[in-house]
Amino acid sequence: MRPHHFEIRARLDRIVSQETRSMNTSSLPSGAEGADGPAIRIGAFVPLSRPGWVAAGRHLLAGLELAVDEVNDAGGVAGAPLGLVVRDTAADPQRAAAAVDELAGLGVSALAGEYHSVVARAVAAKAHALGLPFLCSSAVLDALTEQPTEWVARLAPAQSHGWQIYAGYLLRVGHRRIAVAIEPSVYWASGARILRDCLAPHGGTITELDVRSLTPMAVCEALVDDRATALVLLVGHPEPAVSIVKSVRRDQRLAAIMIGAPAGQPEFAEWATLLGEDGAGVSFLRYLPDRLSPRGARVETALRMRLAEAPSFVAFEGHDTVLILAEVLRSHGVDRAGSARPWSRVAIEGTRGKIQFSRMPGISVWQWAWSPIQIVDRDPAQPDRFRTLYSS
């Protein structure tokens, strides 16, 4: 690893440490002043400490920060620099909701980010109540708000869209008797329901295995008894996901079973580090095109330098989030009243295609419909590489 990478790692470690202590970090240009006034601030929500998915948080933050640097290098927004005020959510909805109030009091012009759906839902509800624009980068739960709102938009595809594609893939490769290892969560319950509704008309069945009451070995016994041909992981990472995969891989009775993780646990390097060859061949949803545009390829190179590893789709989502908000702030101003209804007029070339927002049936926020979707896994022959199994 080059010295530059060590510096980046150290900076990120300092951010994580400071966020864990005070939940109060800023990423503002030196002096925080531009030719036309002070910096324009965006509140950024990122999981940077456990039980949040820290790897996803690192990638999301890297994308957000890279785009801020690019915007400022190009002159900022109306001559003023753009800056992030970062809050570590630690996957805690109440902590995130309190941070929205704090950031609103600090005068941020918009909110961005978040990976965990239950946290993004808390941020969206507060943003709607306060009249503060929020562009959700990565959370997929369909019902981000209880009622339609003009204040919230989302880049990631809705869970019903992506997980229907995943259910169709299971059917195409011959799986109709499927078990899901599941933890209690609105997000996981929603995912199980989507899979069941898609599989049932085609003779598919879902058996739920509650991991609160089953050890990984007991999960294996249940899979054998149920004669399942596929196991779908609707559980947290690294645990209990890693222990379940290890147990299944070591059980010769389950040698032919397929393992899936539609939420994307295998996307990050930590998965391969913890599981090695056992982590290969686990299919998941990935929101990337088969080939990046020239712009996307340039961003990929810059993100790889910042992260000292291949960037995930979450890093690209973070990058595009800032580009969109910068365009909204240029077009509609930094005051909340001016930014109330900007989403329908957004049209930019992001790293993964042209981004525009629309109203979709059953979804209460403005939605990019749709980002590219792949189903991939880690190649058993080379677990550090990905295989594309299906592209939408």
Legend entry - the chain - share of DSSP beta bridges that are antiparallel (%, nearest 5): 35 percent
Legend entry - Geometric extent, Cα atoms of the range 55-188 - Rg, Dmax (angstrom): 17.4, 59
Legend entry - Acute angle (nearest 10 degrees) that the helix 294-307 long axis makes with the longest principal axis of the chain, alpha-carbon atoms: 80 degrees
Legend entry - Heavy-atom accessible surface of the chain: percent carbon and sulfur, 1.4 Å: 51 percent
Inset, instruction - Note down the Stokes-Einstein diffusion coefficient of the range 176-217 in µm²/s, whole number, using a Kirkwood radius over alpha carbon pairs, 25 °C, and 0.890 mPa s. - result: 226 µm²/s
Legend entry - Given charges at beta-carbon only (K, R positive; D, E negative), |dipole| of the range 173-267 in Debye: 240 debye
Inset, instruction - Measure nothing but the geometry: give the 0 to 90° angle between the long axis through the Cα atoms of 186-199 and the longest principal axis through the Cα atoms of the chain, rounded to 10°. - result: 50 degrees
Legend entry - Lys, Arg +1 and Asp, Glu -1 on Cβ, resulting dipole of the chain about Cα centre, debye, nearest 20: 560 debye
Legend entry - Debye intensity ratio in log₁₀ form over the Cα atoms of the chain, taken at each q of 0.08, 0.09, 0.12 Å⁻¹: -0.40, -0.51, -0.90
Legend entry - Expected 222 nm ellipticity per residue - DSSP helices of 4 or more, -39500 (n - 2.57), all of the chain, to 500: -13000 deg cm²/dmol
Legend entry - Beta bridge orientation in the range 67-209: antiparallel %, DSSP, nearest 5: 10 percent
Inset, instruction - Could you work out the relative contact order of the chain, using alpha carbon pairs under 8 angstrom and six or more residues apart, expressed as a whole percent? - result: 18 percent
Legend entry - Accessible surface ranking that places the most exposed of His332, His319 first, with a 1.4 angstrom probe: His332, His319
Inset, instruction - Can you tell me which of 158-166, 304-312, 55-63 comes out highest on packing, and rank the rest after it, using the mean Cβ neighbours within 10 Å? - result: 55-63, 158-166, 304-312
Legend entry - Length-normalised contact order for the range 104-146 - Cα pairs under 8 Å, 6+ apart - percent: 50 percent
Legend entry - 1.4 Å probe accessible area per residue over the chain, in Å²: 40 Å²
Inset, instruction - Give the distance, in whole Å, between the Cα centre of the range 55-80 and the Cα centre of the range 326-392. - result: 16 Å
Legend entry - Where only C-alpha atoms are counted, convex hull volume of the range 316-384 per residue in Å³: 117 Å³
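The values are calculated or read from the model by the stated rules, or taken from the named source; none is laboratory data. What you see is a predicted model; the values in this text were computed from it and never measured. Note that each Cβ is placed from the backbone with ideal geometry, even for glycine, and that neighbours are counted across all protein chains shown. We work out accessible area using only protein heavy atoms, side chains counted, and drop any ligands, DNA or RNA first. Shrake-Rupley method; radii C 1.70, N 1.55, O 1.52, S 1.80 Å.
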